[in-house]
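Chemist: The structure that follows is given in the form of structure tokens.
The values are calculated or read from the model by the stated rules, or taken from the named source; none is laboratory data. Small disclaimer: the values here were computed from a predicted structure and weren't measured. With ideal geometry, Cβ positions are generated from the backbone for all residues, glycine too; neighbour counts draw on all protein chains shown. Surface accessibility is based on the protein's heavy atoms, side chains included, excluding ligands, DNA and RNA. Shrake-Rupley method; radii C 1.70, N 1.55, O 1.52, S 1.80 Å.
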Amino acid sequence: MRKPDRDRISEDLSTAASWVENGLCSISMRQQSISRLPSFAQYSLESGGKRVRPFLVRSACTAVGGHPDSALKAACAVEMIHTYSLIHDDLPSMDDDDLRRGKPALHTRSGEKQALLAGDLLLIEAFGELLDTPLGPGRVALMVKRLARAAGPGYLVGGQYMDMYHSSDAGADWIHTMILGKTAAMIRVSLELGALAGGADDDVLEAVSAEGDRLGFLFQLTDDILDQCGSAEEMGKEVLKDTEQGKRNSVSMIGLDEATLKAEEMASSIAAKLMDVRGDWGKVADLALYLPLRRK
Ligand code: GRG
């Protein structure tokens, strides 16, 4: 069985982080300024974060033989939408968190109107960036379509709505649908956009898309485990949130021990499936194996 090499994964994550952060330095919102709004968005974009989604975009692109340059705009777009979702999720009318990525959440630092509008800006600008991908219009259109679907009512926004109106007797299916929307869609689309940028054919795209959903579910499972037994210092955000709010999640449904076992089993199964997909999916498989071991 494949064993994750922690040092190599940290190195790969850090390479992807520097790569996308370089790309984010030249996004167009910085050139158009009739207000201070871009600087608020910039604060959140530059507040760190693991940059897991850009890592997935980059790794999927190279897995199918593409050059990372073709995937940079997609990686920036995905990170911008992810950051918008965190800014809006932290607002007092949503999950009401003051700490994000180890720093004051944007609304705490700069105000609620600023945070709301900075999130709007990032969502719109993400599509502007993606459209600048240096590939033919047909391929870019496919990428835009996938990203719009992942960020829309069937997934990210719809999943967030479900989370906001959590019912106390939510069952396993309801929770699964919420996670597919709130978390997995942005993980899945990261792999999809990277694969599209690298020139993947339909068979590879669909195989990777299915594993993307499972990887996203695993990501949330390990996030819920860390919410129970991780630390706010390491996570850079408040912990025990779901318990405090009486929300059921993938851990409270089955208990910590079973959830830990499930995370390990899912990780091995995803890694094995990915290694069967045409191309070199080793980096993504290693990330799956690393998720149950992560501390932040
Ligand atoms: C407001 C439309 C809208 C959506 C919000 C992101 C989100 C949806 C909610 C935040 C709470 C949460 C647990 C979301 C699930 C996804 C998740 C675990 C996000 C955190 O992602 P990380 O750990 O964060 O990759 P960093 O800071 O490393 O980028």
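Chemist: Taking square-rooted eigenvalues a ≥ b ≥ c of the alpha carbon gyration tensor, is segment 94-193 rounded, prolate or oblate, where a/c under 1.5 means rounded and, failing that, a/b exceeding b/c means prolate?
Modeler: Judged from the Cα gyration tensor, segment 94-193 comes out oblate (a/c at least 1.5, b/c at or above a/b).
Chemist: Testing the spin-label approximation: label points 7 Å from Cα along Cα→Cβ at residue 261 and residue 168. State their distance in nm.
Modeler: Between residue 261 and residue 168, the label points sit 3.0 nm apart.
Chemist: Ignoring ligands, DNA and RNA, how do 27, 225 rank by accessible area with a 1.4 Å probe, largest first?
Modeler: Sorted descending by solvent-accessible area, the residues read 225, 27.
Chemist: Given the options 60, 172, 115, state which has the largest fluctuation in a GNM of the chain using a 10 Å cut-off (strictly under) for Cα springs.
Modeler: Answer for the Gaussian network model of the chain: 172.
Chemist: Here's another thing I want to ask about it. Take the Cβ-Cβ distance between residue 131 and residue 245 as r, set R0 to 51 Å, and report the resulting FRET efficiency rounded to the nearest 0.05.
Modeler: 0.85
Chemist: Work out the FRET efficiency for residue 39 and residue 229 from their Cβ-Cβ distance, taking R0 = 41 Å, and round it to the nearest 0.05.
Modeler: 0.65
Chemist: Round to the nearest 10 and report in Å² the accessible area of residue 25, as given by a 1.4 Å probe over the protein chains' heavy atoms.
Modeler: 80
Chemist: How large, in percent, is the carbon and sulfur part of the accessible surface of segment 6-293 at a probe radius of 1.4 Å?
Modeler: Carbon-and-sulfur percentage of accessible area, whole number: 53.
Chemist: Looking at the chain, do any whole DSSP H helices span at least 24 angstrom along their long axis by alpha carbon and average -1.0 or above on Kyte-Doolittle, and which?
Modeler: Result, helices passing both filters: 6-24, 72-90, 112-131, 202-229, 256-275.
Chemist: Give me D for segment 6-293 in µm² s⁻¹, whole number, from Stokes-Einstein with Rh from the Kirkwood sum over alpha-carbon pairs, 4 °C and 1.567 mPa s.
Modeler: 68
Chemist: Compute the signed sum of charges (Lys and Arg +1, Asp and Glu -1) over the other residues within less than 11 Å, Cβ to Cβ, of residue 53.
Modeler: Every neighbour counted, the sum reads +3.
Chemist: Additional query: Test of understanding: what is the full-extension gain from residue 2 to residue 109, defined as 0.36 nm times their sequence separation minus their Cα-Cα distance?
Modeler: So the chain would gain 34.1 nm between residue 2 and residue 109.
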